[in-house]
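The block underneath contains the structure these notes are about, expressed in structure tokens.
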Amino acid sequence: MKVNVVNRDNQVVGDIEINLSDRETKNKGVLFNRVIRAMLMNARQGTASTKTRGEVSGGGKKPWRQKGTGRARAGSIRSPLWVGGGVIFGPKPRDYNLKMNRKEKKLAFIQALAQRIKDGKLMVLDELKFERPKTKDAYELVKKLGLRKALFVLEKGMENEYLSLRNIEGIEVRNVDSLNVYDILRFESIVVPKEIVDKLNRRVANG
């Protein structure tokens with residue numbers, strides 16, 4: 001698929017090929033939903049834990065006799081109704097992981113990128129270089145490109161670019177190797193420097 005290449009002034013200076021099929025998959029939305037849900041579930045630690053009345057220490061003796069005190073009957077100070085008592089149906093450690101077919105994950109990644117290109121939301125930047133980390137210069141670039149909520153895709157070694165962009169509101173940065181379907185779909189715009197398009201193509205080929 002052809003993508004326009006723009007310069008720092010947001011002017012089209014050419015185009016470049018990203019190796020994606022423009023053929024759409026049936027039930028694409030369902031596929032995206034499954035992949036994103038699996039990603040978010042797999043990110044959960046599942047370490048939340050509470051104690052039931054049988055696990056809380058103490059409470060072996062009946063607090064007071066059953067009748068004659070004028071108070072409600074009680075069998076243990078560790079009842080869930082008491083402060084410091086156990087928890088009814090509280091969370092226990094569990095595994096939230098959901099398995100996902102590799103071919104489905106690869107297909108979702110390709111289809112998400114293709115959708116962003118069709119919508120005109122993916123732009124290739126002719127050059128993205130900063131001589132030194134400077135947020136002011138990066139902010140001016142973002143402003144000229146007309147970006148609000150955007151994702152910049154970088155690669156290892158682009159330290160000045162990363163440090164310049166990371167503190168701008170609405171802008172996030174990802175390494176091309178860690179780019180995923182969730183990131184692609186949740187941002188209004190995606191910016192890819194021209195120099196890493198080849199690496200993005202290899203990522204598409206490898207899934």
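The values are calculated or read from the model by the stated rules, or taken from the named source; none is laboratory data. Everything numeric in this text was worked out from a predicted model, so none of it was measured. Every residue, glycine as well, gets a Cβ built from its backbone with ideal geometry; the counts of neighbours run over all protein chains shown.
So which of 182, 139, 162 is surrounded by 16 or more Cβ atoms within 10 Å (Cβ to Cβ), in the same structural domain as residue 32 (by TED's automatic domain parsing) and within 20 Å of residue 39 (Cβ to Cβ)? Steps first, please.
Working: 139 fails: within 20 Å of residue 39 (Cβ to Cβ); 162 fails: within 20 Å of residue 39 (Cβ to Cβ).
The match here is 182.
If you scan the range 65-98, which residues turn out to be among the hydroxyl-bearing types (Ser, Thr, Tyr) and more than 32 Å from the chain's Cα centre (by Cα)?
69, 76, 79
Being in contact with a Lys or Arg (Cβ under 8 Å, 6 or more places away or on another chain) and exposed (fewer than 15 other Cβ atoms within 10 Å of the Cβ): is that true of residue 127 here?
yes
Just to be sure I understand, how many residues within the range 89-123 are within 30 Å of residue 55 (Cα to Cα) and acidic (Asp, Glu)?
Number satisfying all stated conditions: 1.
How about the range 55-109: which of its residues are of a type in the set (Phe, Trp, Tyr), closer than 30 Å to residue 206 by Cα and in a loop (DSSP other than H, G, I, E, B)?
Answer for the range 55-109, where residues must be of a type in the set (Phe, Trp, Tyr), closer than 30 Å to residue 206 by Cα and in a loop (DSSP other than H, G, I, E, B): just 96.
If residue 138 satisfies every condition in (1) at negative phi; (2) part of a loop (DSSP other than H, G, I, E, B) but one, which is the exception?
Looking at each condition in turn, residue 138 falls short on (2).
Just to be sure before I move on: is residue 126 in contact with a helix residue (DSSP H, G or I) (Cβ under 6 Å, 6 or more places away or on another chain) and among the acidic types (Asp, Glu) in the structure I sent?
Judged against the criteria, residue 126 is a match.
Considering only residues that are of a type outside the set (A, V, I, L, M, F, W, C), surrounded by fewer than 12 Cβ atoms within 10 Å (Cβ to Cβ) and more than 22 Å from residue 43 (Cβ to Cβ), which ones fall in the range 79-96?
Within the range 79-96, just 84 meets the criteria.
If you check every pair at least six apart or on different chains, which have Cβ atoms under 9 Å apart with a residue in the range 122-142 that is free of Cβ contacts under 8 Å to residues at least 12 places away in the same chain first and a residue that is polar (S, T, N, Q) and surrounded by 13 or more Cβ atoms within 10 Å (Cβ to Cβ) second?
Note: pairs meeting the criteria are 136/164.
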